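Rule-based calculations on the coordinates, nothing more; no lab input. Keep in mind the model is a prediction, meaning the values are calculated, not measured. Here the Cβ positions follow ideal geometry from the backbone for every residue, glycine too, while neighbour counts run over all protein chains shown.
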Amino acid sequence: MVATKEKTYTVAEYLRLERRSGRKYAFYNGKIELMAGGTISHNRVTRNIFGLIYNNLLNRPDLEIFGSDQKIYLPKFHFYVYPDAVVVAGEPLLTDEEADAIINPLLIVETLSKSTQRYDRGQKFVEYQSLPSFKEYVLLRQDKPEAYLNFREEPDVWRTSEVAGLDKAVFFRSIEVSLAMSAIYYKVKFES
């Protein structure tokens, strides 16, 4: 039997592949991974959180939200990833025009999927922490109304909290916005 080596891509090859195919790929230090589509519940939670934060930032020119088509670059790991939503304070700082990837996120929101929740809760959070501007990480379940919040109080000190139930609200400390869980989970159907 002959062992085969998985292809390693350069950043230029990765960016060309994305442009040519019109598809989104995550880039992990030479390895690429096609981004999977989400469920109806995942898309509803992601749409709702984007719309709610967007509306709350209309009178805040110092903050800007981007959706799931916006790449973030993690220089320490040489990764390009696509969070579900990202807020930037001030102007977005980009790696370069070709990559069009943000390197100064303030707030990152991920809607958890069965296939990615372990990575999102663990290693991905560690990777995001390598960005000095990154202050808050919010994980939203799609199968029940639960939010997990992580806020950076000091360079290496994170405060964590949870919010559960449609009658509660989530306070995003980094942008000073409170959102009702019932609005975040608008039209999301939960299995009994």
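Put a dot 7 Å past each Cα toward the Cβ at residue 58 and residue 182; how far apart are the dots in nm?
So the two model labels end up 2.1 nm from each other.
Using the beta-carbon distance between residue 153 and residue 96 and R0 = 30 Å, what value does 1/(1 + (r/R0)^6) give for FRET efficiency, to the nearest 0.05? Don't skip to the end; give the middle numbers.
Numbers: r = 32 Å, r/R0 = 1.08.
Efficiency for this residue pair is about 0.40.
Using unit Cβ charges (K, R positive; D, E negative) and no other charged atoms, how large, in debye to the nearest 20, is the dipole of the chain about its Cα centre? Intermediate results must be reported in sequence, preceding the final value.
Details: 26 positive and 26 negative charges, 144 e Å.
The calculation lands at about 700 debye.
Sequence gap at least 6, Cα distance under 8 Å: using those rules, report the relative contact order of the chain to the nearest whole percent.
On the way: 328 pairs, mean separation 31.8, N = 192.
Taking the mean separation of contacting Cα pairs over the length of the chain, I get 17 percent.
Select one label from (i) 1.05; (ii) 1.00; (iii) 1.16: the one whose number is Cα Rg over 2.2 N^0.38 Å as derived from the coordinates shown.
(i)
Take the chain, mark every one of the GluC sites (Glu not before Pro) that falls in a DSSP loop and has at most 11 other Cβ within 10 Å, then report the longest stretch left between them, sites excluded. Kindly include the intermediate steps, with their values, before the conclusion.
Details: sites that count: 6, 97, 176, 191.
Formally, the longest exposed-site-free interval is 7-96.
Would you list, by chain and number, the lysines whose Cα falls below 16 Å from the Cα of residue 76, excluding same-chain residues fewer than 8 positions away?
Straight-distance partners of residue 76: 31, 124.
Dipole of the chain (Lys/Arg Cβ +1, Asp/Glu Cβ -1, origin at the Cα centre): which of 46, 107, 85 lies farthest to the positive side?
Result: 46, furthest along the dipole toward the positive end.
Roughly how many whole Å is it from the C-alpha centroid of segment 51-104 to that of segment 156-184?
Segment 51-104 and segment 156-184 have Cα centres spaced 20 Å from each other.
Please order 95, 8 by the number of other Cβ within 10 Å, starting at the fewest. Could the numbers behind the result be given before it?
Details: 95 16, 8 10.
Ascending Cβ contact count within 10 Å gives the list 8, 95.
Which of 126, 158, 35 sits farthest toward the positive end of the charge dipole of the chain, with +1 on the Cβ of Lys and Arg and -1 on the Cβ of Asp and Glu?
After comparing all options, I get 35.
Tell me whether segment 88-192 comes out rounded, prolate or oblate; compute the Cα gyration tensor, take square roots of the eigenvalues as a ≥ b ≥ c, and use a/c under 1.5 as the rounded threshold.
Details: a/c = 1.77, a/b = 1.61, b/c = 1.10.
It comes out prolate by the Cα gyration axes.
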